[in-house]
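Data block below; observations after.
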Amino acid sequence: MKIEDKKRVLREMVLHRRFEERCYQAYIERKIGGFLHLYPGQEACCNGVMEAARPGHDYVITGYRDHVHAIKCGSDPKAVMAELYGKETGSSKGRGGSMHIFDAAHRFMGGYALVGGPFPLAAGIAKAIQLKGGDEIAICFLGDAANNQGVFHETLNMAALWNLPVLFVCENNRYGIGTSIERSTAVVHQHKRVAAYNIEASECDGQDVEVVYEHARKAVDHVRSGKGPYFLELMTYRYRGHSMSDSRGYRTREEEELWKQRDPIFILRDRLIAAGELTMEAYEALEKETDAYIENEVIKFSEESPEPRVEDLEKYVLADRASQQQWLTGQAA
Amino acid sequence: MAQIMLWEAIQRAHDEEMARDPMVICMGEDIGVAGGTYKATKGLFEKYGPLRVMDTPISEGGFTGLAIGASFLGVRPIVEIMSVNFAWLAMDQMFNSAAKIRYMSGGQLEAPCVFRSAGGAAHQLGAQHSARMEKVFMGIAGLRVVTPSNPKQAYGLLKSAIRSNDPVFINEHELMYNMKGEVPDSEYFHPLEGSDIARSGTDVTLFGYNISVHWCLKAAEILDKQYGISAEVIDLYSLSPLDRAGIKQSVSKTHRAVIAEEDEAPVGVGAEIIAIINEECFFELDAAPVRVHSALVPQPYNHTLEKAAIPDHEDVVKAVLKLFGKA
């Protein structure tokens, strides 16, 4: 990665971290409802992969831990936060919530709340790309636990069979909700499970964004050049619980501390400082600036935005009638 | 107007739409090289090739989800699920992805997919190949459900379903693919909403859909000839949304209603029609509406038991006679 890119990615990762931590606070304050799944600890995964891909051009789909993926694709953090606040100005107009951020304009095809559900959707997006003949790829970010669903295997089979341009990124954070991978999965290293489908796969450190980037470049090139699907496994860790209702009784504080010593932001920060490209003072200023931006713009916008109108409760259930007249009534509009 | 079989009508709709729009594709088990279990996709593989006529692995959840994902980008897939019993495996994707995508994305994405599936009790196919499942599909917000009772509807409903921007589930019947009927020679789009008056009458309304329309028509004939009862038959080709206005109009005229469904009674079409009658025109009724439905049993293999489980036109006649105090 070029030095200016590293500096930009550090800024972005700090934004991603502080955004999520501010969500935590807003949830405690009951400004955000429902379920909330936060990303701190895994920032290098999304950032490393998307630096190698083309955000806003390639199609991205993921599970319910989706805020950062949307922002990385180009979503305005204000729209994402407003969605968490349930406001009309939110990404999904307040109809989706934390687990269902969508931004079609930036080709962020959404967050889905059924574990493994996005696998075949991603393959379908790749099928559409194949039919249309574009140079985009589909990128599916999911956790390790999703691989225990049947559709994981069904999708790998079809993706390989039909040579679909889809990159599966497995963010292996070692826990499926509150059950460790050792207790739920016969094979800890997920890329080994993919070999059965003749799909190229690799595994790397998911905490160092530069390592992720190098592996992702190879993976993205493979898929974009028409060689079919690729499976990239990133070994990572989420600092917070699965969702906000999780007190993390299933793992030790020592284990958490061990992972925090390999924090993705600090790894990059310290490397830039060692290279003389950054000072600790500048980094601390960056954190403060980021917090000020989140508070003065993102939170302010979300607080001040209007609620959806109750009259619009049934809007978006079905297609707008006017455009469908002929098919609904048999009479041309 | 040509007399063709119902499978031919479905095949023609596929062919016309695929010739018109390169984004219309079809997929399912054995639909390509083998030509389809019910021949509904016969000849399409040879004409449009493997990229658009996809023989899928036996992975209903997987390929249904794949079709839905492709539809987000404007592809219009027609998915054949060989038997509606297998649709249970695809329902997560149909309901959680296709039906909800427009709403949960605030109108940004849509899933213009068509899911076709053969349901109903055929002959001795046993518990896991005889299900009627329309009741499951018709309760899902964001999903349209239609069900043809003849070749014209099969052709026109599929044409409209492909053009519609909503996901549409088409409930077909295993016993009806070889049924013959008139289909217009020129292009025809059947409305996805509403109901048809299959036979006009004044004394009682018989509500049917798909195969039970034919029980109702046969029963109406017997009631007219043998008992002097004039029955109106309403064909509910749209199960979601149901035609509230059409139901109200007919019951307000005849003041009596019988609902015939091949499905089991609980949480079914009959229950829903009676609820609509109560809500729309309760005080028009001269008698309590009656449901004709199958027994609440997993479908038995034994021929005699199977026949006992599934209603037919005679059960409709009996229900009407009871309604008139003649049985």
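Do we find a residue being in a loop (DSSP other than H, G, I, E, B), more than 30 Å from A:Tyr27 (Cα to Cα) and basic (Lys, Arg) anywhere in the stretch A:200-221?
Checking the stretch A:200-221: not a single residue is in a loop (DSSP other than H, G, I, E, B), more than 30 Å from A:Tyr27 (Cα to Cα) and basic (Lys, Arg).
Given the structure, is B:Gln108 farther than 30 Å from B:Gln3 by Cβ and buried (at least 24 other Cβ atoms within 10 Å of the Cβ)?
Here the answer is no, as B:Gln108 does not meet what is asked.
Name the one entry in A:Phe119, A:Phe152 that is without any contact (Cβ under 8 Å) to a residue 40 or more places away in the chain and either facing chain B (nearest Cβ under 8 Å) or assigned to a helix (DSSP H, G or I) (or both).
One residue alone meets the criteria, A:Phe152.
For the stretch B:122-138, which residues satisfy the criterion of being small (Gly, Ala, Ser) and touching a residue at least 60 places away in the same chain (Cβ under 8 Å)?
If the condition is that a residue be small (Gly, Ala, Ser) and touching a residue at least 60 places away in the same chain (Cβ under 8 Å), then B:Gly126, B:Ala127, B:Ser130, B:Ala131 are the ones that fit.
In the stretch A:308-320, is there at least one residue being under 20 Å from A:Ile32 (Cα atoms) and away from chain B (no Cβ under 14 Å)?
Yes, the conditions are met somewhere in the stretch A:308-320.
Working only within the stretch B:116-166, note down all residues that are more than 14 Å from chain A (Cβ to nearest Cβ) and among the aromatic types (Phe, Trp, Tyr).
Scanning the stretch B:116-166 gives a single hit, B:Phe137.
So, in the stretch A:155-190, how many residues would count as being more than 10 Å from every other protein chain (Cβ to nearest Cβ) and free of Cβ contacts under 8 Å to residues at least 40 places away in the same chain?
Adding up the residues that qualify gives 7.
Against the definition (farther than 27 Å from B:Gly107 by Cα, β-branched (Val, Ile, Thr), modelled with pLDDT of 95 or more and touching a strand residue (DSSP E or B) at 6+ places or on another chain (Cβ under 8 Å)), how does A:Val49 come out, yes or no?
So A:Val49 fits the description; yes.
Name the one entry in B:Ala127, B:Ala122 that is surrounded by fewer than 23 Cβ atoms within 10 Å (Cβ to Cβ), in contact with an Asp or Glu (Cβ under 7 Å, 6 or more places away or on another chain), at pLDDT below 95 and not in a helix (DSSP H, G or I).
Step by step, each of B:Ala127, B:Ala122 is checked, and only B:Ala122 is surrounded by fewer than 23 Cβ atoms within 10 Å (Cβ to Cβ), in contact with an Asp or Glu (Cβ under 7 Å, 6 or more places away or on another chain), at pLDDT below 95 and not in a helix (DSSP H, G or I).
Could you grab me the full set of residues in the stretch A:192-233 that are farther than 27 Å from A:Ile267 by Cβ, in contact (Cβ under 8 Å) with a residue 60 or more places away in the chain and in contact with a helix residue (DSSP H, G or I) (Cβ under 8 Å, 6 or more places away or on another chain)?
Matches in the stretch A:192-233: A:Gly228, A:Pro229.
Mind checking which residues of the stretch A:59-114 are in contact with a Pro (Cβ under 6 Å, 6 or more places away or on another chain) and free of Cβ contacts under 8 Å to residues at least 40 places away in the same chain?
Listed by number, the residues that qualify are A:Cys73, A:Gly74.
Can you tell me which of A:Thr252, A:Thr236, A:Thr279 is in contact (Cβ under 8 Å) with a residue 40 or more places away in the chain, of a type in the set (Val, Ile, Thr) and at negative phi?
Criteria check complete, one pass: A:Thr236.
Tell me, please, whether a residue that is surrounded by fewer than 23 Cβ atoms within 10 Å (Cβ to Cβ) and within 14 Å of another protein chain (Cβ to nearest Cβ) can be found in the stretch B:30-43.
yes
Scan the stretch A:17-35 and tell me whether some residue there is over 30 Å from A:Ala219 (Cβ atoms) and surrounded by 22 or more Cβ atoms within 10 Å (Cβ to Cβ).
Yes.
Are any of the residues in the stretch A:89-98 surrounded by fewer than 24 Cβ atoms within 10 Å (Cβ to Cβ) and either more than 11 Å from chain B (Cβ to nearest Cβ) or part of a strand (DSSP E or B) (or both)?
Scanning the stretch A:89-98 turns up no residue that is surrounded by fewer than 24 Cβ atoms within 10 Å (Cβ to Cβ) and either more than 11 Å from chain B (Cβ to nearest Cβ) or part of a strand (DSSP E or B) (or both).
Could you please find all residues in the stretch B:180-204 being surrounded by 19 or more Cβ atoms within 10 Å (Cβ to Cβ), away from every other protein chain (no Cβ under 14 Å) and of a type outside the set (Asp, Glu)?
Residues satisfying the conditions are B:Gly181, B:Val183, B:Ala198, B:Gly201, B:Val204.
Does the stretch A:27-41 contain at least one residue that is at negative phi and within 11 Å of chain B (Cβ to nearest Cβ)?
No, every residue in the stretch A:27-41 fails to be at negative phi and within 11 Å of chain B (Cβ to nearest Cβ).
Could you check the stretch B:154-196 and list, in sequence order, the residues that are hydrophobic (A, V, I, L, M, F, W, C), under 14 Å from the mean Cα position of the chain (by Cα) and assigned to a strand (DSSP E or B)?
B:Val168, B:Phe169, B:Ile170
Let's see how each residue does on (1) touching a helix residue (DSSP H, G or I) at 6+ places or on another chain (Cβ under 8 Å); (2) more than 14 Å from every other protein chain (Cβ to nearest Cβ):
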site: B:Glu8; (1), (2): yes, yes
site: B:Ala13; (1), (2): yes, no
site: B:Glu17; (1), (2): yes, no
site: B:Ile58; (1), (2): no, no
site: B:Ile68; (1), (2): yes, no
site: B:Leu89; (1), (2): yes, no
site: B:Asp92; (1), (2): yes, no
site: B:Ser97; (1), (2): yes, no
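The values are calculated or read from the model by the stated rules, or taken from the named source; none is laboratory data. What you see is a predicted model, and the numbers here were worked out from it, not measured in a lab. A quick note on method: Cβ atoms are made from the backbone with ideal geometry, for glycine too, and the neighbour counts reach across all protein chains shown.
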